[in-house]
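Q: Please find one structure pasted underneath; my questions will follow.
The values are calculated or read from the model by the stated rules, or taken from the named source; none is laboratory data. As the structure is a computational prediction, the values presented were derived from the model and not from experiment. Cβ: placed from backbone, ideal geometry, glycine included. Neighbour counts: every protein chain shown.
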Ligand SMILES: NC(=O)c1ccc[n+]([C@@H]2O[C@H](COP(=O)([O-])OP(=O)(O)OC[C@H]3O[C@@H](n4cnc5c(N)ncnc54)[C@H](OP(=O)(O)O)[C@@H]3O)[C@@H](O)[C@H]2O)c1
């Protein structure tokens, strides 16, 4: 299978690293080493089976129209925001899938969701499965309207956890731990908790209950985070802001 990758930034290169042993990849990125500079550098008879679009959303309108000539390829775009309707305006009636992975593709732990446009067939589900099950879990969305909600949850989600890590680190320093210790232990605590979420069958609610003794230290901390649903309210606001931002940006693309 011939895959043409357009854009070798953070996400493009993470996917390329996971796919390069299984597929024949050709990469276009004018600014990266060992890549073709533009579509004009492709061999004359080159016909990709799949075109991965991994450029910034604001570049789509300028870059995509010249790829419309590859009418038989399945286009897979990981760009946030742009809707299937917008891709149709830019590419015409091609087979297109929007996929929303996250940065954890780098370690094979992405939570990726996808939709197919109306030109796709069942065999396109199989292609998406083949590619994205290599980098984590994958779920099909029947309704594109929920795509921005998924972006707010799992696309942006790793950043929320990195921020939690930063906050725990800063708080540990306030309590007197030295910077190196605080950094290392905040990080390992999140790694450990993530590993239990992955390995153990219990729900997050159950695991939290398991480590919270009545009247103990963990409960004292959770009382602060949970009083008046404080943390839940904050996260609801944050995810809603991310979802709304996707909708706003989509209107500008
Ligand atoms: N980062 C995430 O966590 C995440 C998660 C899900 C989805 N996404 C989506 O994935 C896409 C890529 O994100 P990213 O973080 O990988 O961005 P990025 O690091 O900026 O990667 C985009 C790459 O495409 C290159 N490029 C620009 N114009 C090009 C052209 N005409 N042809 C080929 N390549 C071109 C860019 O070069 P220059 O930088 O020199 O312009 C850059 O190397 C975005 O649309 C984003 O919405 C990102």
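Q: Could you say whether any residue in segment 88-100 is without any contact (Cβ under 8 Å) to a residue 40 or more places away in the chain, surrounded by 14 or more Cβ atoms within 10 Å (Cβ to Cβ) and closer than 19 Å to residue 25 by Cβ?
A: Yes, because at least one residue in segment 88-100 is without any contact (Cβ under 8 Å) to a residue 40 or more places away in the chain, surrounded by 14 or more Cβ atoms within 10 Å (Cβ to Cβ) and closer than 19 Å to residue 25 by Cβ.
Q: Any idea which residue in segment 1-20 is farthest from the ligand (Cβ to nearest atom), counting only those that are in a helix (DSSP H, G or I) and without any contact (Cβ under 8 Å) to a residue 40 or more places away in the chain? Spell out the reasoning first.
A: Of segment 1-20, the ones in a helix (DSSP H, G or I) are 10-19.
With without any contact (Cβ under 8 Å) to a residue 40 or more places away in the chain added as a condition, the list becomes 13, 16.
Numbers: 13: 8, 16: 11 Å.
Among those residues, the one meeting the criterion is 16.
Q: For residue 126, only one of the following conditions fails: (1) in a helix (DSSP H, G or I); (2) closer than 26 Å to residue 20 by Cα; (3) touching a strand residue (DSSP E or B) at 6+ places or on another chain (Cβ under 6 Å). What is its number?
A: It is condition (3) that residue 126 fails.
Q: Residues in segment 230-246 that are within 19 Å of residue 145 (Cβ to Cβ) and either surrounded by fewer than 14 Cβ atoms within 10 Å (Cβ to Cβ) or free of Cβ contacts under 8 Å to residues at least 60 places away in the same chain (or both): how many?
A: Filtering segment 230-246 down to residues within 19 Å of residue 145 (Cβ to Cβ) leaves 236, 239-246.
Filter once more, keeping what is either surrounded by fewer than 14 Cβ atoms within 10 Å (Cβ to Cβ) or free of Cβ contacts under 8 Å to residues at least 60 places away in the same chain (or both): 236, 240-241, 244-245.
Number satisfying all stated conditions: 5.
Q: Surrounded by 13 or more Cβ atoms within 10 Å (Cβ to Cβ), in the same structural domain as residue 92 (by TED's automatic domain parsing), under 16 Å from residue 190 (Cβ atoms) and at pLDDT 95 or above: does that describe residue 109? It would help to see each step written out before you state the result.
A: Numbers: surrounded by 13 or more Cβ atoms within 10 Å (Cβ to Cβ): yes; in the same structural domain as residue 92 (by TED's automatic domain parsing): yes; under 16 Å from residue 190 (Cβ atoms): yes; at pLDDT 95 or above: yes.
Considered against the rule, which asks whether it is surrounded by 13 or more Cβ atoms within 10 Å (Cβ to Cβ), in the same structural domain as residue 92 (by TED's automatic domain parsing), under 16 Å from residue 190 (Cβ atoms) and at pLDDT 95 or above, residue 109 comes out as yes.
Q: Across segment 61-86, which residue is surrounded by the fewest Cβ atoms within 10 Å (Cβ to Cβ) among those that are within 8 Å of the ligand (Cβ to nearest atom) and under 24 Å from residue 103 (Cβ atoms)? Write out each step before concluding.
A: Start the filter on segment 61-86 by keeping residues that are within 8 Å of the ligand (Cβ to nearest atom), which leaves 62-63, 77-81.
Next, only the ones that are under 24 Å from residue 103 (Cβ atoms) stay: 63, 77-81.
Numbers: 63: 17, 77: 25, 78: 23, 79: 22, 80: 20, 81: 21.
Once the filter is applied, the top-ranked residue is 63.
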